[in-house]
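Visitor: The following block contains the structure, expressed as structure tokens.
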Amino acid sequence: MSDENKGLPADAAQAGDAPLMTDRRAVLRGAATLSALTAGAGLMGVMEPAQAAGTVTSFALAVLPDTQFYSRYATTDEGQQFQRTYGSTPFAAQTQWIADNAAAYNIPFVIHLGDVVDQVGKPNQWRVADEAMKLLETAGVPYSILAGNHDVLTDYDYRYPSDQNSGTDAQRNLASEPYLQWFPTSRAARQTTFKERHSSGFHEVHIFEVHGVKFMVLSLSWRISNSGIAWARDIIARNPGVPVILSNHQLLNIDGDGISPLETEYGKMLWDKLIRDNDQIFMTLNGHHHGAAYLRKFNDFGNEVHQMVVDYQMDYQGGNAMMRLYELDLMGNKIDVMSFSPWVVQKPSNTLNQFDFAERQQPNNRFSIPVNFKKRFAGFLRWRPTVSTTGAAILPRVRAELLANYVEPVPPVTRPPGDINDFPVVSDTYAHWRAPANLAEGQVVRVGEALPDIAGGFDMVRAPLQGQAQVGDVVWTKDKHYLSSAAGSVRFMNSDRTADRLSAFLSAMGANVNGRSFWTGYTIEAFVKIPDDWNSDKHRWGNILGRQGNRGNVPGGYRGGDPEASSVLFAISSLREVQWEVVPANNSAYAQTNWSGELIRNTWYHVAVVNDPATATTTLYIDGAPVLRNVVNAGTGTRSQNSPLPWIIGAGWWNGVLADGYYGWVGELRLVGKPLTQDQWLTARRV
């Protein structure tokens, strides 16, 4: 029959029947762009055989989405960022919690969704992962693990059937793969649930039994080969009465609107070659794509296959140790889902902020899926679970005990500006560009028209048209961040890297601000927003701020990559991350880079970058939250050219010409020649 794609059943209850809480966080993608999961229908089914009232026959699966940033930023290579701030690490917090609570919460098995590390060639990242997973082994809690795209030496995506000829496990040099060295078959075989691995060593099978029912976890690493698919089919055929949970790194994605499930070409290939005609596969889990979504499909037997993607890596602190429990209630005929962080509740209270959540309670992070297990498995299994006489629902107990002594941090009180001058004026402000106070909504910014500098008088002007740019591509608008005291913003429209179309503002040749190298540190602030139709192909690497001149020509001898680029890259990456990359003034040999998580489309953000020579740090903040991927051992300032050249707003620089046009809004942008505290930022009010 034809596939039916559905979100979470509209009549499905919140897991634990607790009221839905509104998520106050709209900073990083993990909070506001995870799937809304709507529509659909399901049957709760008949509870047979009967069990005593108030008892529950259930178990919980623990699921670890992409842990790559936990492994990376706990290393000495990256300054042990978690340990320095919190005295603990998120990956170990996850696995230790499972080890401590598996018996109490009836957790018979753990599933890791891949991207164990961020950089495959960095042994210290593997050591962090190794130590974290050993906590499960020591406690005797079995798990499956798989390699994500960051865990293999060659990372090719799947787009067409011909791609099966490259980038799969069949084309790898197995002896060279770090994943197979750190997590070899011999290590997997020590799990009590382990059955076998594919000959490549990348895919594995486990079978566990709970309440008298056997379940298989079929764990497939990044880019399975045709041989691997044949092996997977064979292992299912050799275990004909066992329901199968299929774990992958990639299968389901999230659509551009941030709320809808989106099938990938790779996922559709697996559906056709493995899932649709194997009725035993009733559930799939994958990571890789940032956020969370649910999709219900129907296989060739007319039965439901529940597909879920979950990946919190672009959330605060690289995911903040957010993980999942899936409680399968075998007699209540449902799967309850809980997304929580065992690390947040352990953090020192003075480190918590408004971006820390012990539990995610949005509908796509806390939900219940109706599954009539007896009916669903009727084609291959006689359904006779051992009924519990004393069992209690698991997730409500986890929730109650997890939150027992936890006090959620109170968001800081913010006050919108009272007028256009309601912001802290600070010394050493080199420039403060903002839209004119008397702007008219939608008014075109003419070539040569000024973007005023209200601090030093170093106005920028719109640059002459180049390429396919048109005069109407830049307009003034009253749209702005609610904490910005400016009258509005400037909007860059129609920028398109595929059509050589961009627009920019430039400071004047000879302006004093051009020669600033920020020898005493800096604070760079901007309010930005990207549109709903922002598209990676057209708009990736669009620069909010840059400087003219190749960075390969800065004094001091630059030896790093891309010498044709600017010495300042304040851009939106292909993944909608904020990139801040500069060549420091005191060490211009190499650039240093900060990265945010994913920005939500059509949402205003305040971005601040603070370079502090006293602590040798450069810290990127998004709406007041320090991002994870910050620079430690940071150089000071950002080097100007020997003969100072103009600053750029709205585009970047590549080998002598403007490039990488920005698509979106810029509210106001301020350059200050020293590190500022948050009470001095543009989001604060004047004293």
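The values are calculated or read from the model by the stated rules, or taken from the named source; none is laboratory data. What you see is a predicted model, and the numbers here were worked out from it, not measured in a lab. Neighbour counts are summed over all protein chains in view; Cβ atoms, including those assigned to glycine, are modelled from backbone coordinates with ideal geometry. In case anyone asks, the SASA skips ligands and DNA or RNA and just uses the protein heavy atoms, side chains included. Shrake-Rupley method; radii C 1.70, N 1.55, O 1.52, S 1.80 Å.
Visitor: Considering only region 285-300, I want to know if a residue exists there that is out of contact with any strand residue (DSSP E or B) (no Cβ under 7 Å at 6 or more places or on another chain) and touching a residue at least 12 places away in the same chain (Cβ under 8 Å).
Guide: Within region 285-300 (the criterion being out of contact with any strand residue (DSSP E or B) (no Cβ under 7 Å at 6 or more places or on another chain) and touching a residue at least 12 places away in the same chain (Cβ under 8 Å)), the answer is yes, since at least one residue qualifies.
Visitor: State yes or no: is R491 open to solvent by 60 Å² or more (accessible area, probe 1.4 Å), at pLDDT 95 or above and within 20 Å of R446 (Cβ to Cβ)?
Guide: yes
Visitor: Right, next: Within region 261-360, considering only strands (runs of 3 or more DSSP E) that don't extend past its boundaries, which have at least 3 residues that are of a type in the set (G, A, S)?
Guide: 291-298
Visitor: On to the next question. Show the residue pairs that are 6+ apart or on different chains and have beta-carbon atoms under 6 Å apart, the first residue being within region 508-537 and in a loop (DSSP other than H, G, I, E, B), the second being among the basic types (K, R).
Guide: Pairs found: S517/R639; T520/K674; G521/K674; I530/R601; D532/R601; W534/R601.
Visitor: If you take the residues of region 414-452 that are outside any loop (DSSP other than H, G, I, E, B) and free of Cβ contacts under 8 Å to residues at least 60 places away in the same chain, which of them is most open to solvent (accessible area, probe 1.4 Å)?
Guide: Among them, the one singled out is V444.
Visitor: Next up: Could you tell me whether P396 is open to solvent by 10 Å² or more (accessible area, probe 1.4 Å) and at pLDDT below 95?
Guide: no
Visitor: Identify, please: which residue in region 606-615 is of a type outside the set (A, V, I, L, M) and in a strand (DSSP E or B) and is, among those, surrounded by the fewest Cβ atoms within 10 Å (Cβ to Cβ)?
Guide: D612
Visitor: Do you know which of the residues in region 361-378 that are aliphatic (A, V, I, L, M) and not in a strand (DSSP E or B) is most open to solvent (accessible area, probe 1.4 Å)? Spell out how you get there, then give the answer.
Guide: Taking region 361-378 as the starting set, the residues that turn out to be aliphatic (A, V, I, L, M) are 369, 371, 378.
Next cut, not in a strand (DSSP E or B) only: 371, 378.
Working: V371: 2, A378: 68 Å².
The residue in question is A378.
Visitor: Provide a single number: the residues in region 461-488 that are assigned to a strand (DSSP E or B), open to solvent by less than 30 Å² (accessible area, probe 1.4 Å) and touching an Asp or Glu at 6+ places or on another chain (Cβ under 7 Å).
Guide: The total comes to 2.
Visitor: From the list R516, R551, R576, R547, which one is modelled with pLDDT of 95 or more, within 31 Å of the chain's Cα centre (by Cα) and under 30 Å from P424 (Cβ atoms)?
Guide: Being modelled with pLDDT of 95 or more, within 31 Å of the chain's Cα centre (by Cα) and under 30 Å from P424 (Cβ atoms) holds for just one of R516, R551, R576, R547, which is R547.
Visitor: Run down T618, T593 and say which single residue is buried (at least 18 other Cβ atoms within 10 Å of the Cβ), in contact (Cβ under 8 Å) with a residue 24 or more places away in the chain and outside any helix (DSSP H, G or I).
Guide: When all the criteria are applied, what remains is T618.
Visitor: Another question, if that's okay. Name the pairs whose Cβ atoms lie under 9 Å apart, with the first residue in region 258-275 and on the phi < 0 side of the Ramachandran plot, the second among the hydrophobic types (A, V, I, L, M, F, W, C) and surrounded by fewer than 19 Cβ atoms within 10 Å (Cβ to Cβ), and 6 or more positions between them or separate chains?
Guide: Matching pairs, first to second residue: I259/A36; S260/A36.
Visitor: Which of the helices (runs of 4 or more DSSP H) contained wholly in region 1-110 include at least 2 residues that are closer than 22 Å to S368 by Cβ and modelled with pLDDT under 50? Spell out how you get there, then give the answer.
Guide: Values: elements: 29-32, 68-72, 81-86, 90-101.
Answer list for region 1-110: 29-32.
Visitor: Out of all the residues in region 627-673, which are in a loop (DSSP other than H, G, I, E, B), at negative phi, of a type outside the set (A, V, I, L, M) and more than 28 Å from the chain's Cα centre (by Cα)?
Guide: Passing the criteria: T636, T638, R639, S640, Q641, N642, S643, P644, P646, G673.
Visitor: Go through the residues of region 137-145 one by one and say whether even a single one is in a loop (DSSP other than H, G, I, E, B), within 25 Å of the chain's Cα centre (by Cα) and hydrophobic (A, V, I, L, M, F, W, C).
Guide: Yes, region 137-145 contains at least one residue that is in a loop (DSSP other than H, G, I, E, B), within 25 Å of the chain's Cα centre (by Cα) and hydrophobic (A, V, I, L, M, F, W, C).
Visitor: Looking at region 232-282, which of its residues are of a type in the set (A, V, I, L, M), surrounded by fewer than 20 Cβ atoms within 10 Å (Cβ to Cβ) and under 19 Å from the mean Cα position of the chain (by Cα)?
Guide: Listed by number, the residues that qualify are I259, L262.
Visitor: Could you list, in sequence order, the residues of region 601-621 that are under 17 Å from N543 (Cα atoms) and among the aliphatic types (A, V, I, L, M)?
Guide: Passing the criteria: V607, A608, V609, L620.
Visitor: For G456, indicate whether it is without any contact (Cβ under 8 Å) to a residue 40 or more places away in the chain and either part of a loop (DSSP other than H, G, I, E, B) or farther than 26 Å from R601 by Cα (or both).
Guide: Numbers: without any contact (Cβ under 8 Å) to a residue 40 or more places away in the chain: no; either part of a loop (DSSP other than H, G, I, E, B) or farther than 26 Å from R601 by Cα (or both): yes.
In short, no.
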